[in-house]
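Here's the structure we're looking at; comments come further down.
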Amino acid sequence: MPQFDEATTKAAMTAFIRSRIQLMQSRPFWAHLVMKMPLEWTDATSYSCTDGTRLMINPEGFLKLSKGEQVSCLVHEVLHCVALHLTRRGSRDAEMFNIAGDIYIANTLEAERFDSIQVSEQIFAAMGIRRGYYAGMNTEAIYDKLPKPPRQPQGGQGQGQGQGGCQHWQGQGGCYQEPKDGNSATRSVQEQQWRQNVIEAGQIAGNESGVCQELIKAAMPKPPFHVPLLDFLNRGMGGDTDWSLINRRYLYRGMYLPQEYTQVMGEIVVAVDTSGSMDTNTQLKEAFGYIRAFREEHSCKLHLIQCDSNRVEEGQYQCYEEHERLPETFKVIGRGGTSFDPPFKLVGEKRIEPRVMIYITDGFGVCTMPKPNFDVMWVVINGNSFFSPPFGEVIRCGGGR
């Protein structure tokens, strides 16, 4: 444990306790989440950071902040945890993802009417970042839009500069520290624990609005995604009612009455986001399994479209007639960037008239197409918790990001 002056540590502890009491008195949702994090003094950061479990604070840096900033500092670290920044980075650049996370948090603090942390604002300004431009975006969307920082020449580090940007985000001095020994099981447990913490905070705080409500909604357990998926298919592909047949039960009476007859018919489009961020080995395979099972019971023509860029490439479109059995496995083609528009454009170009479209994606992208004349179900797999398409229904399965 680092050694600090006793007077400094005592003053920092007083400020820390005062900040928590202020949250408990006025912001119970955030107070409950802060109380879940044990405090640890550290010199590994200039101000504060977290490893997803502990709240690590530099007492000297903490005392440099105003009282309002000290409160915001605690909420800042909590937001790294509840937004799952420590477990959802994947293969993205660590420093840039941390910056994107801090921009998201700064905008969230502003929306929740907490004081801005001036040191962060100064760093944003020094890097040429206008965080207002990223308002309303989640961390992944911010990351995708952030310009890549120029590389610093070796040996030319200025004050507050690391190898790729501000020291605020470098190595042990970053806003959060990903556990070096963390495996997928550990990350899953940590995610589940923070989701439970958010649900508990919502129950304690009562009616919350804004960001708090969004976090609570994202943390709530979801029903197995095949339940609403099959309901949607049954509603959309349930068939046409035909009254043209004669009811034979009344012929002996000389009465020619119509008989209700339902015939399943039509076409279905399944669009699959095969960009690099999609999980192709678990939920994607499971989603195909349920679609295959539905089609075996309800005969229909199926158009399969894979997309990952500005247009559907050769080999990314297959059409299966009613009598054709779907393959047990699908070859995934793509793994590039993300665009939601190509499948809708292809449907128009080929003059396909589907009854429904199922769009399997992680939700990180934008759809600029107008509402089509058929129903659309977006199946968001381990993706964007705040994905809100301009039309259609949304099913979320797996963890949100």
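Of note:
- Qualifying positions in the stretch 348-378 - surrounded by 18 or more Cβ atoms within 10 Å (Cβ to Cβ) and among the basic types (Lys, Arg): ARG355
- Being part of a loop (DSSP other than H, G, I, E, B), among the hydrophobic types (A, V, I, L, M, F, W, C) and crowded, with 22+ Cβ neighbours inside 10 Å is a property that holds for LEU86.
- Answer residue from the stretch 35-67, given it is in contact with a strand residue (DSSP E or B) (Cβ under 6 Å, 6 or more places away or on another chain) and β-branched (Val, Ile, Thr) and is farthest from THR14 (Cα to Cα) among those: THR50
- Some residue of the stretch 383-397 being part of a helix (DSSP H, G or I), surrounded by fewer than 20 Cβ atoms within 10 Å (Cβ to Cβ) and at pLDDT below 90: no
- Test: LEU33 is surrounded by 16 or more Cβ atoms within 10 Å (Cβ to Cβ), within 30 Å of ARG187 (Cβ to Cβ), at pLDDT 95 or above and not polar (S, T, N, Q): yes
- In the set GLU60, GLU95, GLU77, GLU69, only one residue is assigned by TED's automatic domain parsing to the domain that holds PRO28, charged (D, E, K, R), assigned to a helix (DSSP H, G or I) and at pLDDT below 90; that residue is GLU95.
- Hits in the stretch 1-50 (condition: in contact with a helix residue (DSSP H, G or I) (Cβ under 6 Å, 6 or more places away or on another chain), assigned to a loop (DSSP other than H, G, I, E, B) and under 23 Å from ASP102 (Cα atoms)): LYS36, ALA44, THR45, SER46, TYR47
- Cβ-Cβ distances below 7 Å connect the following pairs, each with a first residue in the stretch 105-130 that is surrounded by 15 or more Cβ atoms within 10 Å (Cβ to Cβ), a second residue that is basic (Lys, Arg), and a separation of six or more residues or different chains: ALA106/ARG131; ASN107/ARG131; PHE124/ARG131.
The values are calculated or read from the model by the stated rules, or taken from the named source; none is laboratory data. The structure displayed is predicted, hence computed values, not measured ones. Don't worry about glycine lacking a Cβ; one is built from the backbone with ideal geometry, like all the others, and counts go over all protein chains shown.
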